[in-house]
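Before we start, here is the structure in question, set down as structure tokens.
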Amino acid sequence: MAKIKKINHVAIAVEDIDEALQFWRDALGLPLDHIEDVPSQKSMVAFLPAGDGEIELVKPTAEGTGVAKFLAKNGPGMHHLCFEVDDIEEMLASLKEKDVRLINEAPLVLEGRKMAFVHPKSAGGVLVELYELD
Ligand code: CO
């Protein structure tokens, strides 16, 4: 049976990374590890480690992405929660068996990790991301 290892990150949709850093880094005191252009997700992402996990501030760099649509509809706010699992294929199979709706039926394979999203309709309104790191 697949297991959750930890919360890998919580992603916050932002319109302006510098403005968001005024709270997350300057007021709250989280360290800013780095800011990265992530072309595969058409976004700029600021990574702020928080203990064993991370806060990711995600700013879309193109229209039409999930985060861009989320921002247009809701404004800035929490976008998704990511759990690290030990076996993502097994976790997805187990969720499917329990009639949980998945956005990605099979994991997307990226450098260093596999990932998939669970549909918020099956997760109490929360968009849940799953990672299996190499
Ligand atoms: Co994420």
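Can you tell me which residues in region 117-134 are under 25 Å from residue 39 (Cα atoms) and either exposed (fewer than 14 other Cβ atoms within 10 Å of the Cβ) or away from the ligand (no atom under 11 Å from the Cβ) (or both)?
We begin by selecting, within region 117-134, every residue under 25 Å from residue 39 (Cα atoms); these are 117-120, 126-134.
118, 119, 120, 126, 132, 133, 134 - these are the residues of region 117-134 that are under 25 Å from residue 39 (Cα atoms) and either exposed (fewer than 14 other Cβ atoms within 10 Å of the Cβ) or away from the ligand (no atom under 11 Å from the Cβ) (or both).
May I ask you to list the residues in region 6-32 that are within 15 Å of the ligand (Cβ to nearest atom) and either more than 16 Å from the chain's Cα centre (by Cα) or within 27 Å of residue 89 (Cα to Cα) (or both)?
Here is the first cut: in region 6-32, the ones within 15 Å of the ligand (Cβ to nearest atom) are 6-14.
Across region 6-32, the qualifying residues are 6, 7, 8, 9, 10, 11, 12.
Quick grid of which residues meet (1) acidic (Asp, Glu); (2) in contact with a Leu (Cβ under 7 Å, 6 or more places away or on another chain); (3) farther than 22 Å from residue 128 by Cα:
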site: 3; (1), (2), (3): no, no, no
site: 14; (1), (2), (3): no, yes, no
site: 26; (1), (2), (3): yes, no, yes
site: 29; (1), (2), (3): no, no, yes
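A follow-up question, please. Would you check which residues across region 4-51 are more than 18 Å from residue 81 (Cα to Cα), open to solvent by 30 Å² or more (accessible area, probe 1.4 Å) and in contact with a Lys or Arg (Cβ under 9 Å, 6 or more places away or on another chain) and list them?
Correct list: 15, 16, 31, 32.
Hey, any hits in region 111-123 for a residue that's without any contact (Cβ under 8 Å) to a residue 12 or more places away in the chain and part of a strand (DSSP E or B)? Break it down into steps so the answer makes sense when it comes.
Taking region 111-123 and keeping what is without any contact (Cβ under 8 Å) to a residue 12 or more places away in the chain, we get 111, 120.
Then keep just the ones that are part of a strand (DSSP E or B); that gives none.
Checked against the condition, which is being without any contact (Cβ under 8 Å) to a residue 12 or more places away in the chain and part of a strand (DSSP E or B), region 111-123 yields no hits at all.
Still on this structure, I have one more. Inside region 95-110, can you point out the residues that are in a helix (DSSP H, G or I) and either loosely packed, with under 12 Cβ neighbours inside 10 Å or not basic (Lys, Arg) (or both)? Before the answer, list the steps.
The first filter runs over region 95-110 and keeps only residues in a helix (DSSP H, G or I), leaving 95-97.
If the condition is that a residue be in a helix (DSSP H, G or I) and either loosely packed, with under 12 Cβ neighbours inside 10 Å or not basic (Lys, Arg) (or both), then 95, 97 are the ones that fit.
Right, here's the next one. Can you pull out every residue in region 93-116 that is away from the ligand (no atom under 14 Å from the Cβ) and touching a strand residue (DSSP E or B) at 6+ places or on another chain (Cβ under 7 Å)?
95, 96, 100, 102
Can you pull out every residue in region 60-92 that is among the hydrophobic types (A, V, I, L, M, F, W, C), within 16 Å of the ligand (Cβ to nearest atom) and open to solvent by 70 Å² or more (accessible area, probe 1.4 Å)?
78
Would you mind stating whether residue 12 is under 25 Å from residue 123 (Cα atoms), in contact (Cβ under 8 Å) with a residue 40 or more places away in the chain and among the hydrophobic types (A, V, I, L, M, F, W, C)? Spell out the reasoning first.
Working: under 25 Å from residue 123 (Cα atoms): yes; in contact (Cβ under 8 Å) with a residue 40 or more places away in the chain: yes; among the hydrophobic types (A, V, I, L, M, F, W, C): yes.
Against the criterion (under 25 Å from residue 123 (Cα atoms), in contact (Cβ under 8 Å) with a residue 40 or more places away in the chain and among the hydrophobic types (A, V, I, L, M, F, W, C)), residue 12 qualifies.
Something else about it: Given the conditions (1) closer than 28 Å to residue 3 by Cα; (2) in contact with a strand residue (DSSP E or B) (Cβ under 9 Å, 6 or more places away or on another chain); (3) in contact (Cβ under 8 Å) with a residue 24 or more places away in the chain, and given that residue 21 satisfies all but one, which numbered condition is not satisfied?
With respect to (1) closer than 28 Å to residue 3 by Cα; (2) in contact with a strand residue (DSSP E or B) (Cβ under 9 Å, 6 or more places away or on another chain); (3) in contact (Cβ under 8 Å) with a residue 24 or more places away in the chain, residue 21 is out only on (1).
The values are calculated or read from the model by the stated rules, or taken from the named source; none is laboratory data. Keep in mind that this is a model prediction, so the values were computed, not measured. Note: ideal-geometry Cβ built from the backbone for every residue, glycine included; neighbour counts use all protein chains shown. Heads up: the accessible areas ignore ligands, DNA and RNA and are worked out on the full protein's heavy atoms, side chains in. Shrake-Rupley method; radii C 1.70, N 1.55, O 1.52, S 1.80 Å.
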